[in-house]
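Asker: One structure, pasted below without further comment.
The values are calculated or read from the model by the stated rules, or taken from the named source; none is laboratory data. All values derive from a computational prediction rather than experimental measurement. Reconstructed Cβ throughout: ideal geometry from the backbone, glycine too, with neighbour counts over all protein chains shown.
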Amino acid sequence: MLEIKKVYKTYGEKIALNQVSMKLDNGVYGLLGPNGAGKSTLMNIITDNLIMDGGEILYNNENIKKLGKEFLKEIGFAPQQQGLYDEFTGRRFLSYMGTLKGIHKKELKLEIERVSEAVNLAKELDKKMGAYSGGMKQRILIAQAIMGKPKILIMDEPTAGLDPKERVRIRELLGDMSKDKTILIATHVVSDIQSISKEIIMIKQGNIVEKGTPDELVESYAKGGNLEDVYMKLFGGGE
Ligand SMILES: Nc1ncnc2c1ncn2[C@@H]1O[C@H](COP(=O)(O)OP(=O)(O)OP(=O)(O)O)[C@@H](O)[C@H]1O
Ligand SMILES: [Mg+2]
């Protein structure tokens with residue numbers, strides 16, 4: 001159980017997260033909100049890539065700061081940005097990430113095979129990532145996140161730029177893995193999470209404005225419609 005308690009973060013004058021709290025158990029949690037809502041900020045804080053100004057995060061009732069590396073070992077993260085390792089081949093990148101995660105040399109080859117097949121990139125591993133298409137870069141980021149079978153997956157817009165077929169593959173992959181994992185997904189492709197999410201968290205300008213199961217939200221905001229309609233109801237009316 002991952003418990004986010006009153007997390008507060010500012011960039012200068014800007015409040016990016018205003019006392020955000022949520023509890024994440026096993027299952028898929030969808031984080032929806034307009035550009036600038038604070039989704040990436042929250043994900044970067046959970047994964048220790050950014051320091052919060054206030055609040056705390058507990059993993060199984062222990063502060064993640066205290067757990068340190070022990071917590072980070074349990075996490076897989078697919079960040080929003082890509083293109084950081086253009087000179088690496090896909091295989092070298094996965095091997096590098098796997099080593100950072102402490103995967104043993106003996107297991108590394110099989111693990112690279114497993115994750116690259118899961119994202120349909122097994123045949124592309126010997127190309128430089130600079131030569132990958134946008135969707136391929138996106139998928140190798142997903143592959144590294146699931147290496148080592150972490151208990152928590154933090155996915156920042158994992159399906160951005162993917163063609164419909166690959167989107168379905170990733171949606172099914174994440175859905176399948178969610179039985180024994182906590183998966184937090186930020187996305188603008190609302191339909192990608194409607195069917196697999198246990199809970200949807202709606203965030204705007206650093207505040208959680210609503211949460212619930214997809215069915216509950218549709219029932220309250222867009223009876224007879226879908227989650228996209230709920231999104232438009234909550235966020236579609238401009239500022
Ligand atoms: N390094 C930074 N310096 C200053 N302001 C920042 C920085 N990073 C983010 N912000 C601001 O914090 C707010 C939240 O940004 P964040 O990237 O978390 O949003 P987001 O929900 O991920 O948006 P998107 O859907 O566009 O990815 C925005 O107002 C953004 O301009
Ligand atoms: Mg973002």
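Asker: If I ask for residues that are away from ligand 2 (no atom under 16 Å from the Cβ) and in contact with a strand residue (DSSP E or B) (Cβ under 6 Å, 6 or more places away or on another chain), which ones from the range 154-173 would you list?
Answerer: So in the range 154-173, the residues away from ligand 2 (no atom under 16 Å from the Cβ) come out as 162-173.
Selection gives nothing.
Asker: Another one. What number of residues in the range 26-56 are farther than 29 Å from ASP215 by Cα, part of a loop (DSSP other than H, G, I, E, B) and away from ligand 2 (no atom under 16 Å from the Cβ)?
Answerer: Of the residues in the range 26-56, 4 are farther than 29 Å from ASP215 by Cα, part of a loop (DSSP other than H, G, I, E, B) and away from ligand 2 (no atom under 16 Å from the Cβ).
Condition check ((1) more than 29 Å from ILE103 (Cα to Cα); (2) touching a residue at least 24 places away in the same chain (Cβ under 8 Å)) across all residues:
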site	(1), (2)
GLN138	no, yes
ALA160	no, yes
ARG169	no, yes
LYS198	yes, yes
LYS204	yes, yes
ASN207	yes, yes
LEU217	yes, no
ASP229	yes, no
LYS233	yes, no
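Asker: Could you identify the single residue in LYS23, LYS9 that is at pLDDT 95 or above and within 16 Å of ligand 2 (Cβ to nearest atom)? Step through it out loud before you land on a result.
Answerer: Numbers: LYS23 fails: within 16 Å of ligand 2 (Cβ to nearest atom).
Only one candidate qualifies: LYS9.
Asker: Quick one: which residue in ILE203, ILE193 is aliphatic (A, V, I, L, M) and at pLDDT 95 or above? I'd like the intermediate steps shown before the answer.
Answerer: Working: ILE193 fails: at pLDDT 95 or above.
Criteria check complete, one pass: ILE203.
Asker: Within the range 1-18, is even one residue outside any strand (DSSP E or B), more than 10 Å from ligand 1 (Cβ to nearest atom), farther than 25 Å from SER191 by Cα and in contact (Cβ under 8 Å) with a residue 12 or more places away in the chain? Talk me through it step by step, then tell me what you get.
Answerer: Looking only at the range 1-18, we keep the residues that are outside any strand (DSSP E or B), and these are 1, 12-13.
Filter again for more than 10 Å from ligand 1 (Cβ to nearest atom), leaving 1.
Narrowing the set further to residues that are farther than 25 Å from SER191 by Cα leaves 1.
Then drop every residue that is not in contact (Cβ under 8 Å) with a residue 12 or more places away in the chain, which leaves 1.
Yes.
Asker: Right, something else. Among what's in the range 1-23 and is among the aliphatic types (A, V, I, L, M) and in contact with a Lys or Arg (Cβ under 8 Å, 6 or more places away or on another chain), pick the residue that is surrounded by the most Cβ atoms within 10 Å (Cβ to Cβ). Step through it out loud before you land on a result.
Answerer: In the first step, residues of the range 1-23 are kept if they are among the aliphatic types (A, V, I, L, M); the result is 1-2, 4, 7, 15-17, 20, 22.
Pick out the ones that are also in contact with a Lys or Arg (Cβ under 8 Å, 6 or more places away or on another chain) and you get 1-2, 4, 15-17, 20, 22.
Numbers: MET1: 11, LEU2: 22, ILE4: 21, ILE15: 16, ALA16: 24, LEU17: 27, VAL20: 23, MET22: 18.
Only one residue fits best here, namely LEU17.
Asker: Kindly indicate whether any position in the range 6-20 is farther than 20 Å from GLU157 by Cα, among the aromatic types (Phe, Trp, Tyr) and in contact with a strand residue (DSSP E or B) (Cβ under 9 Å, 6 or more places away or on another chain).
Answerer: Of the range 6-20, the ones farther than 20 Å from GLU157 by Cα are 6-15, 18-19.
Then drop every residue that is not among the aromatic types (Phe, Trp, Tyr), which leaves 8, 11.
Filter once more, keeping what is in contact with a strand residue (DSSP E or B) (Cβ under 9 Å, 6 or more places away or on another chain): 8.
Checking the range 6-20: at least one residue is farther than 20 Å from GLU157 by Cα, among the aromatic types (Phe, Trp, Tyr) and in contact with a strand residue (DSSP E or B) (Cβ under 9 Å, 6 or more places away or on another chain).
Asker: Just the residues that are closer than 23 Å to SER178 by Cα and not hydrophobic (A, V, I, L, M, F, W, C), please, taken from the range 120-136.
Answerer: Matches in the range 120-136: ASN120, GLY135.
Asker: A follow-up question, please. For GLN205, are the conditions met, namely being crowded, with 17+ Cβ neighbours inside 10 Å, farther than 22 Å from ASP25 by Cα and within 16 Å of ligand 2 (Cβ to nearest atom)? Can you show your working first?
Answerer: Working: crowded, with 17+ Cβ neighbours inside 10 Å: no; farther than 22 Å from ASP25 by Cα: yes; within 16 Å of ligand 2 (Cβ to nearest atom): yes.
Taking the combined requirement at face value, the residue does not satisfy it.
Asker: Follow-up. Kindly evaluate MET97 against the criterion of being more than 16 Å from ligand 2 (Cβ to nearest atom) and part of a loop (DSSP other than H, G, I, E, B).
Answerer: Details: more than 16 Å from ligand 2 (Cβ to nearest atom): yes; part of a loop (DSSP other than H, G, I, E, B): no.
For MET97, the condition - more than 16 Å from ligand 2 (Cβ to nearest atom) and part of a loop (DSSP other than H, G, I, E, B) - is not met.
Asker: Would you call LEU125 free of Cβ contacts under 8 Å to residues at least 60 places away in the same chain, among the hydrophobic types (A, V, I, L, M, F, W, C) and touching a strand residue (DSSP E or B) at 6+ places or on another chain (Cβ under 7 Å)? Reasoning before the result, please.
Answerer: Numbers: free of Cβ contacts under 8 Å to residues at least 60 places away in the same chain: yes; among the hydrophobic types (A, V, I, L, M, F, W, C): yes; touching a strand residue (DSSP E or B) at 6+ places or on another chain (Cβ under 7 Å): yes.
Considered against the rule, which asks whether it is free of Cβ contacts under 8 Å to residues at least 60 places away in the same chain, among the hydrophobic types (A, V, I, L, M, F, W, C) and touching a strand residue (DSSP E or B) at 6+ places or on another chain (Cβ under 7 Å), LEU125 comes out as yes.
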